[in-house]
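Trainee: Structure provided below as structure tokens; questions to follow.
The values are calculated or read from the model by the stated rules, or taken from the named source; none is laboratory data. What you are looking at is a predicted structure, and each value in this text was computed from that prediction instead of being measured. Ideal geometry is used to build each Cβ from the backbone, glycine not excepted, and the neighbour counts take in all protein chains shown. Keep in mind that these areas ignore ligands, DNA and RNA; they rest on the heavy atoms of the full protein, side chains included. Shrake-Rupley method; radii C 1.70, N 1.55, O 1.52, S 1.80 Å.
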Amino acid sequence: MKINALVASQASQPLRAGQVEIRNLQPNDVMIEVLYCGVCHSDLHMARNEWGVSRYPLVAGHEIVGRVAAVGDNVTLFAMGQTVGVGVMVDACGQCHFCQQQEEQYCEAGFTPTYNGIDKYTGASTFGGYAGQVIADQNFVVSVPDNLALNAVAPLLCAGVTVWSPLRHFNVKAGDRVGVVGLGGLGHMAVKLASALGAEVTLFTTSPEKGADARRLGASQVVVSRDAAQMAECQTSLDIILDCVAAPHDLDPYLATLKTNGQLVLVGIPDQPHPSPNVTPMVFRRLSISGTSIGSIKETQEMLDFCGQHNITADVEMITGEEVETAFARMLTSDVKYRFVIDMQKTGW
């Protein structure tokens, strides 16, 4: 079936309204009318083929909130009219070690991404949420709490779960001291979620003017990372750091702020490698550097339920589909607090 979408036809061209073909409804499928879709920085990378893997036509978007418009014959988890979400994945092998452990994001065969993946039924590309509708297997759809503003829920499907997953994996709890590097789309959610878990949050930033906003979001301390004196004051004080910066930078100053047995967790992916860290403090204080990728469907649902209980959503700026290219340009200068979200109901086709 054909759907309306914002289509990237090639890397050098702006997104334009058009139509693409998606698969017919299968027995385990949920068709979702897209209400809102967050604009992730990876959408810009993919639209412009900056990672060299984009296939055109391409329809971006993996922070999707909408309502169930149709269900396949075997669907038992969702019903017509229900408010649901779809994140970065729409399928996985279901058989490997990680899928069996409900960690589909690490599927040994590679999960099927919401867009620019291969639809197992048709062999064609999957298309994302910059569209009127999306189709996904029911096992890759999540329920959205009724008490939250739906437009501000959309970024939770990627930015939210990407920082929630390491917070849960490393068992962050009340009283822990958590550092967050960077106050962007991921960073602002890391501050909110870690604070809601009862942790004491330190925000590292290169921009002193972000201090007031960081405290509004839940940070108890703000450290300007370019200020050697401020960095020295918080040495060996933190249990874990979530590094949300997607640009290469020196990791050593952050390692110095960790307690013995501390964890530096990388969730931002730079376009060039970080400089190699100094091994000596890692050895003598048993420090670890790790990375983590998005989150499982189970973690995504857990995160949404937690956000519903604590009234947590993303800070968003609303746009229409016609404004996506302007949003892309502003993202390049970090001119957004803290996530653009497309209102599909106000987007003309």
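Trainee: Set Lys and Arg Cβ to +1 and Asp and Glu Cβ to -1, take the dipole of segment 12-141 about its Cα centre, and tell me which of 133, 56, 114 lies farthest positive.
Mentor: 56
Trainee: What are the equivalent ellipsoid semi-axes of segment 40-134, built from the alpha-carbon gyration tensor (square roots of five times its eigenvalues), in whole angstrom, biggest first?
Mentor: Rounded to whole Å, the semi-axes are 22, 19, 12.
Trainee: Counting only residues 5 or more places away or on other chains, whose amide H sits under 5 Å from the amide H of residue 7 once H atoms are built in the peptide plane?
Mentor: 16, 17, 18
Trainee: Continuing with the same structure: Suppose every K and R has +1 on its Cβ and every D and E has -1 on its Cβ; what is the size of the dipole of segment 200-244 about the Cα centre, in Debye to the nearest 20?
Mentor: With Lys and Arg at +1 and Asp and Glu at -1, about 140 debye.
Trainee: Cut-off 10 angstrom, C-alpha nodes, Gaussian network model of the chain. Which of 269, 297, 32 fluctuates the most?
Mentor: Of 269, 297, 32, the most mobile in the Gaussian network model is 269.
Trainee: Over segment 41-97, give the accessible area per residue in Å² for a 1.4 Å probe, as an integer.
Mentor: 42
Trainee: Continuing with the same structure: Using amide H atoms built in the peptide plane, which far-off residues or other-chain residues are under 5 Å from residue 117 H to H?
Mentor: Distant-sequence amide H within range of residue 117: 126.
Trainee: What are the residues whose amide H is under 5 Å from the amide H of residue 206, where those residues sit 5 or more places off or on another chain and H is modelled from the backbone?
Mentor: 225
Trainee: Cut-off 11 Å, label point 7 angstrom out along Cα-to-Cβ of residue 206: give me the residues of segment 218-242 whose amide nitrogen falls inside.
Mentor: It comes to 225-226, nothing else.
Trainee: For segment 191-349, give the magnitude of the charge dipole about the Cα centre (Cβ charges: +1 Lys/Arg, -1 Asp/Glu; no others), in debye to the nearest 20.
Mentor: Here the size comes out at about 420 debye.
Trainee: Residue by residue, what Karplus-based ³J(HN,Hα) values in Hz, rounded to whole numbers, does segment 301-311 have, using 6.51, -1.76 and 1.60 with θ = phi - 60° and x for Gly and Pro?
Mentor: Here the 3J(HN,Hα) series is 5, 4, 5, 4, 5, 4, 5, x, 5, 10, 6 Hz.
Trainee: By DSSP, what percent of the beta bridges with both residues in the chain are antiparallel, rounded to the nearest 5?
Mentor: Percentage antiparallel, nearest 5: 55.
Trainee: Still on this structure: Going down the list 120/337; 173/259; 210/298, which pairs span over 26 Å between their C-alpha atoms?
Mentor: 120/337; 210/298
Trainee: Right, next: Return one whole number: the accessible area per residue of segment 295-342 in Å², for a 1.4 Å probe.
Mentor: 45
Trainee: Please report the spacing between the Cα centers of segment 259-310 and segment 138-210 in Å, no decimals.
Mentor: Between the Cα centre of segment 259-310 and that of segment 138-210, the gap is 12 Å.
Trainee: Excluding ligands, DNA and RNA, what is the solvent-accessible area per residue of segment 137-212 at a probe of 1.4 Å, expressed in Å²?
Mentor: With all protein chains present, segment 137-212 gives 29 Å² per residue.
Trainee: Residue by residue through segment 126-132, which ³J(HN,Hα) values in whole Hz follow from phi under the Karplus form 6.51 cos²θ - 1.76 cosθ + 1.60 (θ = phi - 60°), with glycine and proline marked x?
Mentor: Per-residue couplings from phi come out as 7, 10, x, x, 6, 7, x Hz.
Trainee: Test of understanding: in a Gaussian network model of the chain with alpha carbons linked when under 10 Å, which of 121, 254, 36 would top the mean-square fluctuation ranking?
Mentor: So, out of 121, 254, 36, the one fluctuating most is 121.
Trainee: Please compute, for the alpha-carbon atoms of the chain, the extent along each of the three principal axes and give them in descending order in Å.
Mentor: In descending order, the Cα extents are 60, 41, 38 Å.
Trainee: Same structure again: For the chain, what is the charge dipole size about the Cα centre, in debye to the nearest 20, if Lys and Arg each add +1 at the Cβ and Asp and Glu each add -1 at the Cβ?
Mentor: The dipole magnitude comes to about 320 debye.
Trainee: Here's a follow-up. Got a number for carbon plus sulfur as a percent of the chain's accessible area, 1.4 Å probe?
Mentor: Heavy-atom surface of the chain belonging to carbon and sulfur, 1.4 Å probe: 49 percent.
Trainee: Same structure, new question: Volume per residue, Å³, of the convex hull around the alpha-carbon atoms of segment 238-335?
Mentor: Taking the convex hull of the Cα positions in segment 238-335, it is 154 Å³ per residue.
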